Amino acid sequence: MPSRAASHSGILGIICGGGAFPFVVADAAQKAGWSVVMFAIRGFAEPEVARFSYEWISIGAAGRLLARLRARNCRDLVFVGTMTRPRLRDFRLDWKTISLLPRLARAFRGGDNHLLSAMAGAFEQEGFRLLGAHEVAPEILAPAGALGACRPRSQDEADIALGFEVIRTLGPLDVGQAVVVAAGHVIALEAAEGTDLMLARCRELRENGRILLPPRTGVLVKATKRNQDRRIDLPSFGARTIGLAAAAGLAGIAVEAGGTIVPDLQAVIEAADAAGVFVVGVNADGSGR
């Protein structure tokens, strides 16, 4: 199992989008001794943010965000939570954001990793230190090995190996962090739709007869892209993903151990055992399962 976060004292700013992950990270950070301030992005962050010291921030209000981070003495930052790529017209521009528009326009012409790296670089140039969520809360990372009662079969092992190879090969193109492989064939690649809709598409393909394979065939593989900045946008999954994978007729899920966020490991194990699917953590060198 990953080690728990080291004890720390300081003020941590968490710039948070949607979902439960920001709160998992915030709780772990507080247990490790951080004082946490949540900077919640309007339209994405959940109301639960009110459990913490928090401020609402609009997309595009870079000047206000930087000013509030400094006013709160938050030099260490974490970005966490789900967001869809905003349109430039959705930004509520202040003067600082306007000064950043040339950089933002260039960043929007790349993939998500390119965009997020550009945003991270902008904060670093302002004197902030960007930390990965896993550096604050290492216990949220998937461990190596089988995470439940079910185990992959030999065909599943071959599909897992192919899935990781696909992600490594496509990583430089910045197209996604997940792939579905079944019986040696690539069934689906994650793109702008995200993992949930990709799995829903796989289910529809089976129901429509476009995938003629027995039930419990195929594997969802999630891993970081090659040369990805691990401080931002690590792949993640939870109990909901288990249900979607089972509904898509897959045998299981394989994720990069130490490189994939699992906010509630026990819930994932229970869901996997109940659905009869396997979940395994695979080390970057292919070991661990």
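None of the figures in this text is laboratory data; all of them are computed from the coordinates on show. All values derive from a computational prediction rather than experimental measurement. Ideal geometry is used to build each Cβ from the backbone, glycine not excepted, and the neighbour counts take in all protein chains shown.
Think of each Lys and Arg Cβ as +1 and each Asp and Glu Cβ as -1; about the Cα centre, that makes the dipole of the range 141-282 roughly 160 debye.
Here each label is just a point 7 Å from Cα along the line to Cβ, and for SER154 and HIS185 those points are 2.2 nm apart. Computed from label points 7 Å out along Cα-Cβ, the spacing between GLU193 and ASN208 is 0.9 nm. Each residue of the range 147-160 is assigned a 3J(HN,Hα), and the resulting list reads 9, x, 7, 7, 10, x, 8, 4, 5, 4, 4, 5, 5, 4 Hz, derived from the Karplus form 6.51 cos²θ - 1.76 cosθ + 1.60 (θ = phi - 60°), x at Gly and Pro. Simple spin-label estimate for ALA71 and ALA284 gives 4.1 nm between the two label positions (7 Å along the Cα-to-Cβ direction from each Cα). With the convex hull of the Cα atoms taken as the outline of the range 205-289, the averaged projected area works out to 6.4 nm². Radius of gyration (Cα atoms) of the range 141-282, expressed as a multiple of 2.2 N^0.38 Å: 0.94.
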